[in-house]
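Asks: Okay, here's the structure, questions in a sec.
The values are calculated or read from the model by the stated rules, or taken from the named source; none is laboratory data. The structure displayed is predicted, hence computed values, not measured ones. A quick note on method: Cβ atoms are made from the backbone with ideal geometry, for glycine too, and the neighbour counts reach across all protein chains shown. Note: accessible area is taken over every heavy atom of the protein model, side chains too, but ligands, DNA and RNA are not part of it. Shrake-Rupley method; radii C 1.70, N 1.55, O 1.52, S 1.80 Å.
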Amino acid sequence: MVSHPSALDELNKAKERVRHLWAPPPDLTVSQWAEANRIMPKGTTSRPGPWRSEVYQRGIMDALCDPLVHEVVCMK
């Protein structure tokens, strides 16, 4: 049993860190994740910097992880 106040405080901090590390990731669509995390490098695109999805791209990206969608067809 932990009886010293500072030890109890350290134990609670450790529990909070573990809880944070084991928390599930947020529910994001593919397009939301891309806009939050994807960076386009200079020299590889005409729009370097943070990824900005176009309207038509959002639908395609999000359909790829939709469990109700069995086939995604793109005509280019």
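Asks: State whether the stretch 21-76 is rounded, prolate or oblate according to the following rule on the C-alpha gyration tensor (a ≥ b ≥ c being the square roots of its eigenvalues): a/c under 1.5 gives rounded; otherwise a/b larger than b/c gives prolate, and the remaining case gives oblate.
Replies: oblate
Asks: Right, next: Obtain the nm distance between the two label points defined at Ala14 and Ile60 by a simple spin-label model: each point lies 7 Å from its Cα along the Cα-to-C-beta direction.
Replies: 5.1 nm
Asks: For the chain, what relative contact order do you get, as a whole percent, if you take Cα pairs closer than 8 Å and at least 6 residues apart?
Replies: 22 percent
Asks: For the chain, what % of the accessible area comes from carbon and sulfur atoms, probe 1.4 Å?
Replies: 62 percent
Asks: While we're looking at this one, here's another question. Which Cα, out of Met61, Asn12, Pro41, lies furthest along the positive dipole direction of the chain (beta carbon charges, K/R +1, D/E -1)?
Replies: With unit charges placed on the Cβ atoms, the residue in question is Pro41.
Asks: Still on this model: Among Glu54, Glu16, Glu35, determine the one that fluctuates most according to a GNM of the chain built with springs between C-alpha atoms less than 10 Å apart.
Replies: Highest fluctuation among the options: Glu16.
Asks: For Met40, what residues show an amide H to amide H distance below 5 Å, using hydrogens built from the backbone and excluding near sequence neighbours?
Replies: For Met40, whose amide H was placed from the backbone, the distant partners under 5 Å are Gly49, Trp51.
Asks: Between 0 and 90 degrees, rounded to the nearest ten: what's the tilt of helix 55-64 against the longest Cα principal axis of the chain?
Replies: 60 degrees
Asks: Mind putting a number on the dipole of the chain about its Cα centre? Charges go on the C-beta only, +1 for Lys and Arg and -1 for Asp and Glu, and I need it in Debye to the nearest 20.
Replies: Roughly 360 debye, rounded to the nearest 20.
Asks: Binned at 10 Å from 0, what are the whole-percent values of the Cα-Cα distance distribution for the stretch 1-51, short to long?
Replies: Per 10 Å bin, starting at 0, the Cα pair percentages come out as 21, 23, 20, 17, 14, 6, 0.
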